[in-house]
1. Kindly list the number of the only condition in (1) assigned by TED's automatic domain parsing to the domain that holds A99; (2) in a helix (DSSP H, G or I) that fails for E198.
2. If a residue must be under 24 Å from N346 (Cα atoms), outside any strand (DSSP E or B) and of a type in the set (A, V, I, L, M), how many such residues does segment 201-240 contain?
3. So, in segment 105-136, of the ones that are more than 22 Å from L36 (Cβ to Cβ) and under 14 Å from the mean Cα position of the chain (by Cα), which residue ends up surrounded by the most Cβ atoms within 10 Å (Cβ to Cβ)?
4. What about T102, is it of a type in the set (S, T, Y), at pLDDT below 95 and within 17 Å of the chain's Cα centre (by Cα)?
5. Looking only at segment 16-40, filter to residues that are hydroxyl-bearing (S, T, Y) and either at pLDDT 95 or above or more than 21 Å from A115 (Cα to Cα) (or both); which one of those is surrounded by the fewest Cβ atoms within 10 Å (Cβ to Cβ)?
6. Could you say which residue among L378, L373 is touching a residue at least 40 places away in the same chain (Cβ under 8 Å), within 25 Å of the chain's Cα centre (by Cα) and farther than 17 Å from E306 by Cβ?
7. For segment 312-326, how many residues meet the condition of being part of a strand (DSSP E or B) and polar (S, T, N, Q)?
Amino acid sequence: MSLRKICVVITARPSYSRIKTALTAIKKHPKLELQLVVAGSALLDRYGNAVNYIENDGFKIDAKVFMVLEGENKTSMAKTTGLGVMELANTFYNLKPDAVVTIADRFETLATSIAASYQNIPLIHIQGGEVTGNIDEKVRHANTKLADIHLVASEDAKVRVIKMGEDDNYVFNTGCPSIDIAYQVSRSPELNFNPITEYGGVGNSINWQEGYMVVMQHPVTTEYNQAKENVLTTLKVVHDLGIPAFWFWPNVDSGADGTSNGIRSYREINKPENIRFFKNMIPEDFLRLLLNSKCLVGNSSVGIRECSYLGVPVVNIGTRQNGRARGNNVIDVSYEEKEIKAAILNRIDAKGVIGNATIYGDGNSGEKIADILAEIELRFHKTISY
């Protein structure tokens with residue numbers, strides 16, 4: 001019996017942590033063959049060169065797809081998506097997979113879905129059905145309607161996908177594979193590496209050993225004009241508090257140039273002695289860094305997902321995660337200096353007492369996903385039920 005070829009497309013830094021344990025489980029499964037495509041910003045050094053971490057973890061990459069146009073604005077996002085459709089269509093034609101997996105909600109994922117669907121390749125969507133506050137929500141729901149099989153990360157997401165008219169026999173709550181990594185980290189929680197020695201970064205050599213924060217703030221695509229102003233607000237608060245902070249670079253979204261310019265200009269003018277800036281870390285090291293931090297500040301979904309499982313306090317700023325199910329580890333604030341500062345101090349005091357939540361899984365999502373992909377009847381056509 002021939003192995004079922006499952007083609008997984010990773011287009012960005014966060015997508016790798018969202019799928020890593022499933023890649024391992026697919027690779028090991030006796031009925032499956034993993035085909036791995038790395039594309040988009042996952043190939044670019046300025047966004048952390050995630051492809052290096054993927055290769056270092058022992059995964060064979062079957063194709064690399066360069067598709068990102070410079071600009072980091074609305075037009076470049078649309079053009080990158082179009083270029084992705086063309087390039088990924090050729091990739092799927094050559095690889096001839098039995099099914100294609102697209103991950104979550106970044107704009108490039110829509111290119112994956114279109115390129116697979118128009119070639120009658122069964123499409124599997126990971127992490128559909130969630131609600132957030134920007135263009136990602138449109139992309140996520142569009143992927144849901146193009147997809148044939150849905151592997152969602154929470155129970156409310158499953159209900160939402162079924163309400164969208166999808167066949168409940170093809171909707172599975174597997175949890176999020178990133179929680180598998182969080183589970184592994186929770187069993188060995190000590191910070192067993194020096195972040196600056198291991199990853200370098202730029203900025204002052206902060207005294208992180210006595211306690212630190214982590215900051216990760218992305219632009220909001222529907223508010224891209226405010227990206228620079230918003231990140232400068234957060235920078236000022238973190239700088240003024242004086243608490244050592246590891247600050248991570250934003251994703252390649254509309255407005256990322258504003259966020260990046262804001263970080264660079266503030267760093268050059270103010271030379272914040274308590275902030276060190278980084279591009280990327282391997283998922284295990286990043287979660288271990290978070291687990292040992294005082295809190296996470298910004299608007300990354302890692303604060304909603306992995307931090308809820310790990311019990312890490314989070315200050316979530318702005319609208320990027322609006323509507324997404326969350327634990328009591330999160331405080332939501334607007335881009336107002338006093339509000340952000342008060343929330344940070346509140347969350348630091350909550351460290352160790354907020355508890356853990358299993359909203360997005362309990363640590364075995366990767367194996368669940370591989371088992372479903374091995375056994376489910378594949379299809380590339382569906383009739384919507386209401």
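The values are calculated or read from the model by the stated rules, or taken from the named source; none is laboratory data. No experiment lies behind these values; they were computed from the predicted model shown. Cβ coordinates were reconstructed from backbone atoms using ideal geometry, including for glycine residues, and neighbour counts include every protein chain displayed.
1. Only one criterion is unmet by E198, namely (1).
2. Residues that pass the stated criteria total 6.
3. E130
4. For T102, the condition - of a type in the set (S, T, Y), at pLDDT below 95 and within 17 Å of the chain's Cα centre (by Cα) - is not met.
5. T24
6. L373
7. 1
Let's see how each residue does on (1) in contact with a strand residue (DSSP E or B) (Cβ under 7 Å, 6 or more places away or on another chain); (2) touching a residue at least 12 places away in the same chain (Cβ under 8 Å); (3) not in a helix (DSSP H, G or I):
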| residue | (1), (2), (3) |
| --- | --- |
| V85 | no, yes, no |
| P97 | yes, yes, yes |
| D105 | no, yes, yes |
| Q119 | no, yes, yes |
| H125 | yes, yes, yes |
| V131 | no, yes, yes |
| H141 | no, yes, no |
| E166 | yes, yes, yes |
| S178 | no, yes, no |
